[in-house]
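Take a look at the structure below.
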Amino acid sequence: MKFNIKDTFTKELPADPILENFRRPVHACFSYVEPKKTKQPALVHASPELAKELGITENDLKSEAFLKIFSGNSMVANTKPYAMCYGGHQFGNWAGQLGDGRAINLFEMEYNSKHWALQLKGSGETPYSRSADGLAVLRSSIREYLCSEAMFHLNVPTTRALSICETGDRVLRDILYTGHPEYEKGAVVCRVAPSFIRFGSFEILLAREDVETLKLLTNYTIKHYFPHIEMGTKKGYIQFFKEVTNRTLDMLIHWQRVGFVHGVMNTDNMSILGLTIDYGPYGWLEGYDEGWTPNTTDNRDKRYRYGNQANIGLWNLYRLASSLFPLIDEAEPLEAILEGYRTDYKKLYLKMMKSKIGIFSEEAEDVVLINTLEENLQLTETDMTIFYRNLSKIDKNAVITDDFLAPVMDAFYVPEAINGTIKEEWKIWFQAYVSRLQREALSNEDRKSKMNSVNPKYVLRNYMAQLAIEAADKGDYSVVDELYQLLLDPYGEQKESEKWFVKRPEWARNKTGCSMLSCSS
């Protein structure tokens with residue numbers, strides 16, 4: 001196995017001069033640190049598809065060399081692993097220095113003219129670990145591995161995951177912070193992205209008034225990831241912020257489209273490239289509820305709830321704008337970009353929602369149609385994924401009879417609740433919807449094809465991930481593989497996999513790991 005090593009981050013940015021691995025404030029962009037060797041590593045799963053993107057063969061995936069490198073037990077020749085320094089706002093409050101507390105970057109490489117950074121999550125302590133052990137457990141690692149690849153195939157901008165290995169070590173975790181920790185199986189995930197630079201990478205430099213390094217980092221980021229932008233000029237820095245804003249907005253529109261809730265949108269969990277990063281207490285809307293968050297830490301304030309993700313994206317961009325201000329020294333262009341985010345979000349959200357219901361021409365009343373739909377979805381518990389997927393079955397020439405809800409009835413958790421006022425509200429909406437479809441030029445089949453390309457049939461519901469976790473905990477990795485294969489084609493019908501196209505089972509409603517997740521999940 002050979003890699004075309006192209007380290008740029010460590011060669012072009014300032015390093016921590018201290019090489020010992022102990023907790024401390026670090027006034028640099030990164031610290032050199034080696035992964036912790038693991039007791040008895042075993043490969044749980046690896047992505048042949050992503051491996052191919054990196055020039056790794058299927059035979060390589062089965063090799064001892066692959067297992068050693070991606071479990072943290074050996075290093076690739078001529079590489080020096082490192083952990084990145086960054087700060088961040090957590091739940092709206094400045095948290096100071098954070099950094100890669102349990103992630104260690106192995107190396108950067110190029111293959112087929114693409115640049116990649118590979119890092120291990122759960123690979124041991126770093127100078128940024130604070131009071132933590134720098135390790136990860138099998139439970140959270142399976143969730144991150146499967147969701148990274150699921151999101152990629154849903155066409156959502158995301159970091160990727162190459163592999164997951166058990167370590168053979170036991171890791172102490174208090175899953176819901178109840179004061180009763182238990183030992184769990186340790187694991188390591190290899191995460192892959194063009195870069196893992198975050199909003200917090202810039203924030204920490206502003207907090208320390210280190211404008212020199214701020215300029216270095218910004219120029220580095222533009223040079224390698226926004227090469228069409230001019231470096232070192234006010235105009236270039238403004239354009240850079242505009243593009244980060246646009247990428248962040250694009251990512252968030254995709255989250256809303258598929259019903260994904262990140263759960264912990266702190267600024268240190270925001271990628272400068274507009275990629276979904278740090279899969280912790282995430283979840284998928286099952287019952288459609290704009291107020292839902294999967295994060296137990298956020299249960300009271302619900303700051304990171306589904307319906308607030310776009311607002312938090314903007315709040316985080318304000319923090320980034322403040323961090324870049326010393327390079328621009330002018331607030332007006334930054335404020336104009338942030339104001340444009342608000343306007344653009346409304347336009348893009350409407351366009352996305354219209355595509356979900358198969359409407360592509362322009363009519364003034366479309367906003368009302370969408371708003372009413374979202375209100376109706378919350379009249380009784382309604383599965384978001386199933387509702388939108390089955391909505392494509394509606395015949396535009398249908399007469400609204402008493403069984404008008406039959407095509408989407410499977411989406412309702414309590415079908416008997418669909419009567420009286422609730423049924424009447426739905427009838428009014430479906431009458432307006434069918435009437436609107438009749439004014440579209442598309443045939444039923446063409447509309448169905450378009451709708452099914454944006455409304456997934458299969459998403460990684462938390463109960464599905466939990467089933468994979470429970471099997472893997474017993475040494476059975478077959479469910480991990482089954483879900484991995486399923487999620488390669490989330491928009492396909494996959495008739496043989498219909499068992500996964502169902503509402504959340506009742507046993508999972510309040511089960512830990514299915515509904516309640518912590519920041520260590």
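Structure data summary
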{"quantity": "Whichever lysines have a C-alpha closer than 21 Å to that of Lys37, once near sequence neighbours (fewer than 8 apart) are set aside", "calculated": "Lys62, Lys68, Lys80, Lys121, Lys185"}
{"quantity": "With every protein chain in place, region 47-181: carbon and sulfur % of accessible area (1.4 Å)", "calculated": "50 percent"}
{"quantity": "When each of Lys114/Lys215; Lys6/Lys114; Lys457/Lys503; Lys346/Lys450 is checked by Cα-Cα distance, pairs over 19 Å", "calculated": "Lys114/Lys215; Lys346/Lys450"}
{"quantity": "Burial ranking of peptide ranges 198-208, 150-160, 498-508, 125-135 (average Cβ count within 10 Å, highest at the top)", "calculated": "198-208, 150-160, 125-135, 498-508"}
{"quantity": "Accessible surface, per residue, of region 92-169 when the full set of protein chains is kept, probe 1.4 Å, Å²", "calculated": "25 Å²"}
{"quantity": "Inter-part distance where region 7-60 and region 317-369 are each reduced to a Cα centre, Å", "calculated": "36 Å"}
{"quantity": "Accessible surface of region 342-425, 1.4 Å probe, proportion on carbon and sulfur as whole %", "calculated": "54 percent"}
{"quantity": "Pairwise Cα inverse-distance average, inverted: Kirkwood Rh of region 18-66 (Å)", "calculated": "14.2 Å"}
{"quantity": "Separation of alpha-carbon centers, region 448-470 and region 240-278, rounded to whole Å", "calculated": "20 Å"}
{"quantity": "Full-stretch length increase - Asn419, Phe22 - with 0.36 nm per residue and alpha-carbon distance subtracted", "calculated": "136.6 nm"}
{"quantity": "Within the chain, helix-based [θ] at 222 nm, where runs of 4 or more DSSP H residues each add -39,500 (n - 2.57), nearest 500", "calculated": "-12000 deg cm²/dmol"}
{"quantity": "Gyration tensor over alpha-carbon atoms, region 367-521, equivalent ellipsoid semi-axes in Å", "calculated": "33, 19, 12"}
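The values are calculated or read from the model by the stated rules, or taken from the named source; none is laboratory data. Just so we're clear, the structure is a prediction, and the values are computed from it rather than from any experiment. Glycine gets a Cβ as well: all are built from the backbone with ideal geometry, and neighbour counts include every protein chain shown. Areas reflect the complete protein model, heavy atoms only, side chains present, ligands, DNA and RNA absent. Shrake-Rupley method; radii C 1.70, N 1.55, O 1.52, S 1.80 Å.
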